[in-house]
Amino acid sequence: MKALLLNGSLKNDNDFNMICSSIVELLERDGFEVEQIMLKDIEVAACQGCFECWVKTPGQCKIDDDGREVARKMVQSNLIIHFSPIIFGGYSSELKKVLDRFIPTILPFFTKRNGETHHKYRYKSRSSIIAIGVIDKPDEEEEATFKELVYRNSLNMGAPVHEALVYNKTQNEEDFISGFSNILKRVEAKT
Amino acid sequence: MSNNNKALLLIGSPKGENSTSASLGNHLTSRLEELGMKIEKGFIHRLVNREETIQDLIRKVDSADLIILSFPLYVDSLPAPVIKAMELIKEERNKFESKKSQNFIAISNNGFPEASQNIIALQICRIFSRDCGFVWKGGIVVGGGGAINGIPLQERGGMVRNVIKGLDIAAHALKDGKDIPQEAIDLISKKFIPYTFYRVFGNLGWRLQARKYGVKKKIKDTPYSLTI
Ligand SMILES: Cc1cc2nc3c(=O)[nH]c(=O)nc-3n(C[C@H](O)[C@H](O)[C@H](O)COP(=O)(O)O)c2cc1C
């Protein structure tokens, strides 16, 4: 089983790094082959919104940079971890730059799911998503927004298992890790 | 009247002036201009990558009485460069206590026909506004952005009459420093194309474009499949 950890850190932050290492350790202990990408260290241009990845070079972005490789790895993983500081209730710009470049991996065609319009999937097998948002102190509004965002992403990306977890820096790390471990069991059962 | 003279339109689409974000934002600012406001404009994608342009963005934001952020919905949220701009603006505003009251609104348009899919993006904008000490004056959502496709609203005609009407009402309120009235928000987000029609014609449109590029048969290709 492959897990891809997309690290959307904006700066060096000890708490953030510590929780990240614990997660990687746990994934490896459970038998995942883990790859972590520090997104601020790679070249990923912004999506140009041209939709050529749907109608001219189907399935691939025309920008030849690291964004293509990350999209490929996302498709080929069983589990993707969106790991990011919570920024105004959403993801950091570093994590978002690769999520925007993920759209070549779905189809342009519209379909109706859950009573709403969404796109059809390009690939039969799709990755589960666990999103981990790190926040300095509890903030109800930001946490609720983050969870809702992850839910909506999972609808669009068709994740078999999806979960949003918030780690606030005032909380006990062990409690958080045991919560993460329980979710992992669900991913393993569905993979 | 309080100081509400200068509006800044920030466009958060990579398509710049040819975007639906610009069609919507430009319509609103042209009304505000008629009502006597001075308008400045900035294209976020060109502003966030270099130190000089970042300073220009910060300066534009600092000098505005009303900030209008108009962007497309990308993966249920805002495009990455727009989030980057928000991070930079917030960082700058942490450095000092702002002296003046500044109003903030957001306009989110999306590709799916349901305008309601923009709600999370607006929530993000509202939290940004709160954290920067701006006064949140409301958010506008527009579904089916592909049907506007970057064309000026006046040229789009009858189909978008409610959007036009709503933006006109919003302009009057904003000029007076008031919140965008619910009536305007409801008019603008009203369905202007039947959903089934949008889906059917949308799908046809993708096929026609693929044919133009000679890849009609390849449109469902899976280049990242492990089994090729
Ligand atoms: C990378 C990317 C992600 C998108 N994600 C969504 C989405 O999650 N939901 C949606 O309704 N439309 C989505 N769209 C469609 C755009 O929101 C839509 O095309 C919009 O009208 C573009 O506006 P603009 O002309 O202002 O750029 C996405 C488009 C792109 C390029």
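A compact table of results
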quantity: Chain-alone versus full-assembly comparison, the stretch A:31-70, residues with accessible loss of at least 50 Å² (1.4 Å probe); calculated: A:VAL55, A:LYS56, A:PRO58
quantity: Loop-located chymotrypsin sites (Phe, Trp or Tyr not before Pro) in the stretch B:89-188 whose Cβ has at most 14 other Cβ within 10 Å (DSSP); calculated: B:PHE96
quantity: Fully extended contour minus Cα-Cα distance, from A:ALA144 to A:MET1, at 0.36 nm per residue; calculated: 48.4 nm
quantity: Probe 1.4 Å, protein heavy atoms only - accessible area per residue of the stretch B:6-192 in square angstrom; calculated: 38
quantity: Label-point separation in nm, A:ASP64 to B:GLU51, each point 7 Å along Cα→Cβ; calculated: 3.2
quantity: B:MET37, A:MET38, ranked by accessible area, largest first (probe 1.4 Å); calculated: A:MET38, B:MET37
quantity: Other-chain or far-sequence residues with amide H under 5 Å of A:SER128's (modelled H); calculated: A:LEU79, A:ILE80, A:VAL161
quantity: Cα shape, the stretch A:2-190, gyration tensor, a/c 1.5 rule; calculated: prolate
quantity: The protein assembly as shown shape via C-alpha gyration tensor axes, a/c threshold 1.5; calculated: oblate
quantity: Anisotropy class of the stretch B:1-144 from Cα gyration tensor, a/c 1.5 cut; calculated: rounded
quantity: Within straight-line cross-link reach of A:LYS2, lysines at Cα separation under 26 Å, skipping those fewer than 8 residues along the same chain; calculated: A:LYS40, A:LYS73, A:LYS96, A:LYS97, A:LYS120, A:LYS124, A:LYS147, A:LYS185, A:LYS190, B:LYS220
quantity: Label-point gap, in nm, between B:LYS191 and B:SER63 - each point 7 angstrom along Cα→Cβ; calculated: 4.5
quantity: For chain A, calculated [θ]222 nm from helices alone, where every DSSP H run of n ≥ 4 adds -39500 (n - 2.57); calculated: -12000 deg cm²/dmol
quantity: Surface accessible to a 1.4 Å probe, per residue, for the residues of the stretch A:43-162, Å²; calculated: 34
quantity: Other protein chain Cβ atoms within 10 Å, averaged over every residue that makes up B:105-115; calculated: 2
quantity: Virtual spin-label span in nm between A:GLU25 and B:GLU33, 7 Å along Cα→Cβ; calculated: 6.0
quantity: DSSP bridge pairs, the protein assembly as shown: antiparallel proportion in percent, nearest 5; calculated: 10
quantity: Total accessible surface hidden between A and B, rounded to 100 Å², 1.4 Å probe; calculated: 4500
quantity: For chain B, calculated [θ]222 nm from helices alone, where every DSSP H run of n ≥ 4 adds -39500 (n - 2.57); calculated: -14000 deg cm²/dmol
quantity: ³J(HN,Hα) computed for each position of the stretch B:65-78 - Karplus, 6.51 cos²θ - 1.76 cosθ + 1.60, integer Hz, glycine/proline x; calculated: 8, 10, 10, 10, 9, 10, 8, x, 6, 10, 6, 6, 8, 9
quantity: Sequence of A:HIS162, B:HIS27 when ordered by accessible area, the most exposed leading, probe 1.4 angstrom; calculated: A:HIS162, B:HIS27
quantity: DSSP beta bridges in the stretch A:1-122 [antiparallel fraction, %, rounded to 5]; calculated: 35
quantity: Sulfur and carbon atoms: percent of accessible area, the protein assembly as shown [1.4 Å]; calculated: 49
quantity: For the stretch B:133-188 and the stretch B:49-121, distance of Cα centres in Å; calculated: 17
quantity: Beta bridge orientation in the stretch B:70-192: antiparallel %, DSSP, nearest 5; calculated: 10
quantity: Computed E for B:ARG207/B:PHE96 - FRET, C-beta separation, R0 60 angstrom, nearest 0.05; calculated: 0.65
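The values are calculated or read from the model by the stated rules, or taken from the named source; none is laboratory data. Computed from a predicted structure; not experimentally measured. For neighbour counting, all protein chains shown are included, and Cβ atoms are generated from backbone atoms with ideal geometry for every residue, glycine included. When the accessible area is computed, the model is the full protein with side chains, heavy atoms only, and any ligands, DNA or RNA have been set aside. Shrake-Rupley method; radii C 1.70, N 1.55, O 1.52, S 1.80 Å.
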